[in-house]
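Novice: First the structure, which I've put down as structure tokens, then a few questions once you've had a look.
The values are calculated or read from the model by the stated rules, or taken from the named source; none is laboratory data. Nothing here was measured: the structure is a model prediction, and the numbers come from that model. Cβ placement follows ideal geometry from the backbone for every residue including glycine, while neighbour counts extend to all protein chains displayed.
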Amino acid sequence: MPDKLVKMLSTWFYVGNIPAAPGTAASAVAVLLAVICSAHIFLYLLVLLAVTVLGFAVSGRMEDILGRKDPGCIVIDEVAGVLVALFLLPLNWPVVITAFFLFRAFDMFKIYPVNKFEQGKGGLGIMADDLVAGLYTNLVMQIAVRWAGIV
């Protein structure tokens, strides 16, 4: 895969090049993607799978191109994580906003064992912690929405 394509995908179409809070910006873009795909579960799963597979493929390569471990401009991991976080949730404003901030908190604070996943090499280390943060978010939100009736 050409370096230009690796850069475009790993930065999620250059959103990762935003100077302030690129991970947060990419997470917001991912929310829009989730909302667009949410009406069609098959499409949602296809997009989630594609973003995740691409993320594993390009993020480690981008590390090599830049010569730095997990540079902040790589944000495809946030996109995949947010898609996991919002999967099968009702995407109304309270749920989306709560899930967004919860995902960002899990992603930033690296609650165990997320911190262990981040230690992996290459694409695994970049992608896995955000996927697990997305899973944490989804589990908490499923409980809040389904069992506690919080919407």
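Novice: Can you name every residue in segment 1-46 that is in contact with a helix residue (DSSP H, G or I) (Cβ under 6 Å, 6 or more places away or on another chain), of a type in the set (Phe, Trp, Tyr) and in a helix (DSSP H, G or I)?
Specialist: Passing the criteria: only 44.
Novice: If you don't mind, another one. Between 83, 54, 49, which is part of a helix (DSSP H, G or I) and without any contact (Cβ under 8 Å) to a residue 40 or more places away in the chain?
Specialist: On the way: 83 fails: without any contact (Cβ under 8 Å) to a residue 40 or more places away in the chain; 54 fails: without any contact (Cβ under 8 Å) to a residue 40 or more places away in the chain.
When all the criteria are applied, what remains is 49.
Novice: Can you tell me which residue among 79, 58, 53 is in contact with a Leu (Cβ under 6 Å, 6 or more places away or on another chain), under 26 Å from residue 42 (Cβ atoms) and of a type outside the set (Gly, Ala, Ser)?
Specialist: Values: 79 fails: in contact with a Leu (Cβ under 6 Å, 6 or more places away or on another chain); 53 fails: in contact with a Leu (Cβ under 6 Å, 6 or more places away or on another chain).
Criteria check complete, one pass: 58.
Novice: Out of curiosity, is residue 134 closer than 28 Å to residue 6 by Cα, of a type outside the set (A, V, I, L, M) and over 11 Å from the mean Cα position of the chain (by Cα)? It would help to see each step written out before you state the result.
Specialist: Details: closer than 28 Å to residue 6 by Cα: yes; of a type outside the set (A, V, I, L, M): yes; over 11 Å from the mean Cα position of the chain (by Cα): no.
The answer is no for residue 134.
Novice: Would you confirm whether or not segment 113-123 contains a residue that is in contact with a Phe, Trp or Tyr (Cβ under 8 Å, 6 or more places away or on another chain), of a type in the set (Val, Ile, Thr) and at pLDDT below 95? If you could, list the steps in order and put the result at the bottom.
Specialist: Within segment 113-123, the subset in contact with a Phe, Trp or Tyr (Cβ under 8 Å, 6 or more places away or on another chain) is 114, 123.
Going one step further and asking which of them are of a type in the set (Val, Ile, Thr), we end up with 114.
If we keep only those that are at pLDDT below 95 too, we end up with 114.
Yes: segment 113-123 contains one or more residues that are in contact with a Phe, Trp or Tyr (Cβ under 8 Å, 6 or more places away or on another chain), of a type in the set (Val, Ile, Thr) and at pLDDT below 95.
Novice: Tally time: how many residues in segment 17-27 are touching a residue at least 40 places away in the same chain (Cβ under 8 Å) and farther than 14 Å from residue 107 by Cβ? Show your work before the answer.
Specialist: Initial filter on segment 17-27 (touching a residue at least 40 places away in the same chain (Cβ under 8 Å)): 17, 22-27.
With farther than 14 Å from residue 107 by Cβ added as a condition, the list becomes 17.
Result for segment 17-27: 1.
Novice: Output the residues belonging to segment 106-125 that are touching a residue at least 24 places away in the same chain (Cβ under 8 Å) and over 17 Å from residue 24 (Cβ atoms).
Specialist: 111, 118, 121, 122, 123, 124, 125
Novice: Please find, among 70, 64, the residue that is modelled with pLDDT under 95 and either farther than 13 Å from residue 127 by Cα or among the hydroxyl-bearing types (Ser, Thr, Tyr) (or both). Spell out the reasoning first.
Specialist: Numbers: 70 fails: either farther than 13 Å from residue 127 by Cα or among the hydroxyl-bearing types (Ser, Thr, Tyr) (or both).
Being modelled with pLDDT under 95 and either farther than 13 Å from residue 127 by Cα or among the hydroxyl-bearing types (Ser, Thr, Tyr) (or both) holds for just one of 70, 64, which is 64.
Novice: Does segment 91-109 contain at least one residue that is among the acidic types (Asp, Glu) and assigned to a loop (DSSP other than H, G, I, E, B)? Give the derivation first.
Specialist: Of segment 91-109, the ones among the acidic types (Asp, Glu) are 107.
Restricting the remaining residues to those that are assigned to a loop (DSSP other than H, G, I, E, B) gives none.
No, the conditions are met nowhere in segment 91-109.
Novice: Next up: Do we find that residue 66 is surrounded by fewer than 24 Cβ atoms within 10 Å (Cβ to Cβ) and hydrophobic (A, V, I, L, M, F, W, C) in this structure? First the steps, then the outcome.
Specialist: Numbers: surrounded by fewer than 24 Cβ atoms within 10 Å (Cβ to Cβ): yes; hydrophobic (A, V, I, L, M, F, W, C): yes.
So residue 66 passes the test.
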